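S.K.: The structure's right below; bear with me while I get my questions together.
The values are calculated or read from the model by the stated rules, or taken from the named source; none is laboratory data. Please read these numbers as outputs of a predicted model, since none were measured by experiment. Using ideal geometry, Cβ is built from the backbone for each residue, glycine included, and neighbour counts are taken over all protein chains shown. Heads up: the accessible areas ignore ligands, DNA and RNA and are worked out on the full protein's heavy atoms, side chains in. Shrake-Rupley method; radii C 1.70, N 1.55, O 1.52, S 1.80 Å.
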Amino acid sequence: MSRVPTSPNAAPAYPRPRGRRRLGEVLLPVSGATVTVASTPGPGTADAPVFVLVHGIGMSHRYLERLHRELSAAGAVHSVDLPGFGRSPKPEHGVSIEQYADYLGELLPRLSAGPVVLVGHSMGAQFVTETAVRHPALVSHLVLIGGVTDPARGTLPLQALDLARDTFKEPASGTFIVLGDYLRCGPRWYLATLRPMLAYRTDLRLREVSAPTLVIRGQDDPVSRHEWGVHLAGQAPRGRLLELPGRHLVQFSAAASTAAGIRVHAGAPARGGATVDHAVDEPVAP
């Protein structure tokens, strides 16, 4: 894994793999944090989008690898390990959704010269939503996959129950990655990040987002449920809901369909015959 130093005035500095996904560390000089980034260069055309994928609570870039690979035919893809997760060291000062959004606000100009398609899964949906609010010029399109937390189920017992229901029916290979990342994260850091996750109102913050927003959920996801997905899409000024066969790890179990939906949303239709399975458009008043 290479270390890529950066400076505030430098040209975009990030791992530049040739033909395959590679890991590198990006140093954020303002916050002093280090972010691990898995990068694939994409097709290299001037109009190709740049996708940045952000994990959920306790996780890393590893469970995003299938989606990463599917999107790389359409544009450059960067999957991050935010500070405290995966390979990235824990930050020294506190935990908040706003702080993580500012990490991304510092990171994104180092990954792309222009605005990016910012994709977040689960708690990552909160990170990217807050980033789009605080740093709107850096985000061309926003994608929330399995977004949390529905305030109607925003307690620790209900979240634990929903997660348990989901875990038993996810693909074994995906569950293995999840458990491994949870162990790496550790219970203390997981619980520290759980509190802001439960408190953050993704729906209310989406009202302040200017970028076109796609909400994706698995049709059988017990964590991010249908009514909540409809509500989230309705809160975004330019929101749309896409439901696909799958559960909370829909980006893992249905990576091709998830990528197809994201590509269409970003104006870069999928190649090779991949299609979107099921789109649901239901306008909901904020």
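S.K.: Most mobile of Ala233, Ala259, Ala152 per a Gaussian network model of the chain (Cα springs, under 10 Å)?
M.R.: Ala152
S.K.: Work from the charge dipole of the chain (Cβ charges, +1 for Lys and Arg, -1 for Asp and Glu, about the Cα centre) and give the residue of Leu163, Ala125, Ser60 farthest towards its positive end.
M.R.: Of the listed residues, the answer is Ser60.
S.K.: Could you state the accessible area per residue of the chain in Å², with a 1.4 Å probe and every protein chain left in place?
M.R.: Roughly 42 Å² per residue, with all protein chains present.
S.K.: Can you tell me what share of the DSSP beta bridges in the chain is antiparallel? A percent to the nearest 5 is fine. Each step should come with its number before you reach the end.
M.R.: Values: 13 of 41 bridges.
Once the DSSP bridges in the chain are tallied, antiparallel ones form about 30 percent.
S.K.: While we're looking at this one, here's another question. Taking only DSSP H segments of four or more residues, each worth -39500 (n - 2.57), what value at 222 nm results for the chain once the sum is divided by all its residues, to the nearest 500 deg cm²/dmol? Mind showing how you got there, number by number?
M.R.: Numbers: 10 runs with 103 residues, N = 286.
The helix-only estimate for the chain comes to -10500 deg cm²/dmol at 222 nm.
S.K.: Report the gain in length on full extension from Leu158 to Phe176: 0.36 nm times residue separation, minus Cα-Cα distance, nm rounded to one decimal.
M.R.: Full extension from Leu158 to Phe176 adds 4.2 nm.
S.K.: Now a separate question. Within a Cβ distance under 15 Å of Glu98, other residues only, what is the Lys/Arg minus Asp/Glu net charge?
M.R.: Once all neighbours under 15 Å are counted, the net charge is 0.
S.K.: If contacts are Cα pairs under 8 angstrom and at least 6 residues apart, what is the relative contact order of the chain in percent? Write out the running numbers ahead of the final one.
M.R.: On the way: 662 pairs, mean separation 46.8, N = 286.
It rounds to 16 percent for the chain.
S.K.: Work through the residues other than His68 whose Cβ is under 14 Å from its Cβ and net out their charges, Lys, Arg +1 and Asp, Glu -1.
M.R.: Values: positive: Arg20, Arg21, Arg22, Arg62, Arg66, Arg69, Arg263; negative: Glu65, Glu70, Asp81.
Once all neighbours under 14 Å are counted, the net charge is +4.
S.K.: Can you figure out the FRET efficiency of His226 with Glu92, using R₀ = 30 Å and their beta-carbon distance, to the nearest 0.05? Please list the in-between numbers first.
M.R.: Working: r = 40 Å, r/R0 = 1.34.
Plugging the Cβ-Cβ distance into 1/(1 + (r/R0)^6) gives 0.15.
S.K.: Counting only protein heavy atoms, what percent of the accessible surface of the chain is carbon or sulfur at a 1.4 Å probe?
M.R.: 54
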